[in-house]
C-alpha cells in the first residue's frame, strides 16, 4: 500500500499552513496538559524505562503524546481530504492570479489614512470623555 498525496504540488502553501496550524495547536495542547499534570503531581512515576538509554517514560508523557497524535493525524487527513484540498488549492490559485495587490506607495498612503483616522477618533473620544466627566461632576457634585 502506497501513500499518495491528493493533487500533489497544488495548493502546497495553503494546505501546508493548515497542517502547521493543526500541529501548532496540538503542540500547545500537549505542552499545556503536560504542565498541568506536572503541576498537580499526576503521572510523575516512571511507567517503564527504555533499555540502553536509561530513559524513564512517565504516564504524563504518554498522555501528552496521546493528545498530539490526533492533531498530527488530522493534519495529514485534512491535507489529503479532496473537498478541503480543492477549496485550499482554488483559494491559493485565486490569491496568486486574480487578486490585485497594492503597491508599496498605495500601502503607505492607506496606512497613513488609517493612522490619521485612528488619531481623530481617539481625540474625539478623549474630548467627549472629558466633557462627560465634567458634566458628571456638575450633576453629582
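The numbers here are math on the coordinates, done by the rules we state, and not lab data. Please read these numbers as outputs of a predicted model, since none were measured by experiment. Using ideal geometry, Cβ is built from the backbone for each residue, glycine included, and neighbour counts are taken over all protein chains shown.
Quick look at the values:
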{"read-out": "Percentage relative contact order, the chain, counting C-alpha pairs under 8 Å, at least six apart", "value": "29 percent"}
{"read-out": "In degrees, nearest ten, helix 82-97 long axis to first principal axis of the chain (Cα)", "value": "50 degrees"}
{"read-out": "Extension gain, residue 86 back to residue 129 (0.36 nm per residue minus Cα-Cα distance, nm)", "value": "10.4 nm"}
{"read-out": "Residue exposure sequence - 52, 23, 71 - by fewest surrounding Cβ within 10 Å", "value": "52, 23, 71"}
{"read-out": "Base-10 log of normalised Debye intensity for the range 69-130 (one unit scatterer per alpha-carbon) at q = 0.21, 0.28, 0.29 Å⁻¹", "value": "-0.86, -1.05, -1.07"}
{"read-out": "Label-to-label distance, nm, for residues given as residue 99 and residue 25 (7 Å Cα→Cβ offset)", "value": "2.1 nm"}
{"read-out": "Chain lengthening between residue 138 and residue 77 when straightened (0.36 nm per residue, less Cα-Cα)", "value": "15.4 nm"}
{"read-out": "Stokes-Einstein diffusion coefficient of the chain, Kirkwood radius over Cα pairs, 4 °C, 1.567 mPa s, in µm²/s", "value": "61 µm²/s"}
{"read-out": "Potential extension, residue 119-residue 44 segment - 0.36 nm per residue separation minus Cα distance", "value": "21.6 nm"}
